[in-house]
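A short worksheet on the structure shown next.
The numbers here are math on the coordinates, done by the rules we state, and not lab data. Because the structure is predicted, anything quoted here is derived from the model rather than measured. Cβ placement follows ideal geometry from the backbone for every residue including glycine, while neighbour counts extend to all protein chains displayed.
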Amino acid sequence: MNWLKRIGVTFIALVAVVAVVPLFISLNGYIPLVEKEAAAMLGEPVSIESLHASAFPIPHARIDGIVIGESEDIKIGKVTFTPALWSLLRSEKIIRRVDVENLAISQKAFGILAALTQQKSGSANIRVEKIQIHAATVRLEQSSFGPFDLRVQLSSPGEPGELLLTTQDGTLKARAVPDGERYTLAIAARGWSPPLGPAIRFDKLDIKGVAHSKGADLTDISGKLYGGTLAGKMRITAGKELALRGNLELQQIELKQAVALVSPKTRVSGRLDAKPVFTSHAKNAAQLGEALRLETPFTVHDGVLYGFDLKSAAASFGRQGSGGGQTRFGDLAGHLLMERGAYRLTDLKIASSGVAARGNVTIAASKALSGQLNTNVSAIGKAVSIPLVVGGTLDSPLLYPNPTALAGAAAGTVLLPGVGTAAGAKLGEFVDGLFGKARSQQ
């Protein structure tokens, strides 16, 4: 029985060796062939560090240290290939599944992956049916996106290809299906913030459209954020530079949190209704925000204007400018033009208890404020009209009377005691406009 036991132990050892040893056998002699076939399939140069193979538990090959693209657009720590066994005896080799780990890709790499979904049979001597990518990260110019899982299902006879991206926290899912030379897109996000620009949080965002070699047409955009809703469409064009244009309709967006993303010291609260139209042209995605031009009428309901106390500023007529405080309003409406980081608010109308104002305000890219608000204040049964100059910065705004209006008010008080302040302010405003106009014509 001892000899039978020895044979059994020896047989088990041989099986173990057959199963384990191939994992440690280098197949680096085949690397040039694999690199050539992979490059033919991807249309990009491919380099490989090492290659291993094993017959257990099922026949598979493992490749370590893969770099794809002239600019190293894709870097992969490890890839496991599971082939269709009988295809190894034919000229066209079929890979049933590719499992990818430790992946880092650039933005350009998405074009490489998308091209796989339209791969045609016979386009190379190796055909891949499915790619599973785990814990991937996309390298952006100034940030990164991920980790996420990505599944690429390649086209086969009677079966359309598909690209499915899912973030590991489950906040974003994106699906692209080839349709001729276009891709049908469906994107769904829940509790998600985009990796570029201000960290706006979308409670819900759904996007449908098509992508093609020249860009994308997102024809159906809808979402919920900060207690309100958005809807619209956008077109992205890719050429020598990136370009986007589109329009949105915003309803009942609570501004306090949203504005704080742009200016940490919140300047306004209330519910926003707006219909922005926007365009941008830039060399890359990271620069689109800086080149954005946006124009929209807007109305903010039941809010607070922080840093501006219109009533106190008007009451301080004849004294130094005031800063701080706040103005509660029922409606704040106007027109906004945002371009190159600067904001111009025109035809502003503010309706508040005991005070109303109209005018124009500019916020420079440096956050410096300039402009004028013509205020009407009700005090002691009288309505006083006072033009206020807007100055300071977005973080420390100032309001002070128009200097020319001060001189007019002083003269008016002497000539018309009791009502001279209001009349003088109007006179000063008229004189300032008259001489300002005259100066502009010189």
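The table below lists the values:
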read-out	value
Distant-in-sequence amide H partners of residue 127 (H built 1.01 Å from N, under 5 Å)	93, 94, 95
Full-stretch length increase - residue 282, residue 166 - with 0.36 nm per residue and alpha-carbon distance subtracted	39.0 nm
Residue 229 paired with residue 47, simple spin-label distance in nm, labels 7 Å along Cα-to-beta-carbon	5.4
Placed amide H near residue 73: partners under 5 Å, 5+ positions off or other chain	68
Stretchable slack from residue 260 to residue 64, in nm (0.36 nm times residue separation minus alpha-carbon distance)	66.0 nm
Residues residue 190 and residue 143, FRET efficiency given R0 of 25 Å [Cβ-Cβ distance, rounded to 0.05]	0.75
Filter on 214/275; 233/256; 93/214 - keep pairs with C-alpha separation over 30 Å	93/214
From phi via Karplus (6.51, -1.76, 1.60), per-residue ³J(HN,Hα) for the stretch 355-368 in Hz, x at Gly/Pro	8, 9, 8, 9, x, 9, 9, 10, 10, 6, 4, 7, 6, 6
Net length gained if the chain between residue 84 and residue 238 were fully extended (0.36 nm per residue, minus Cα distance)	51.6 nm
Cα-based Rg / Dmax (Å) for the stretch 160-202	12.5, 37
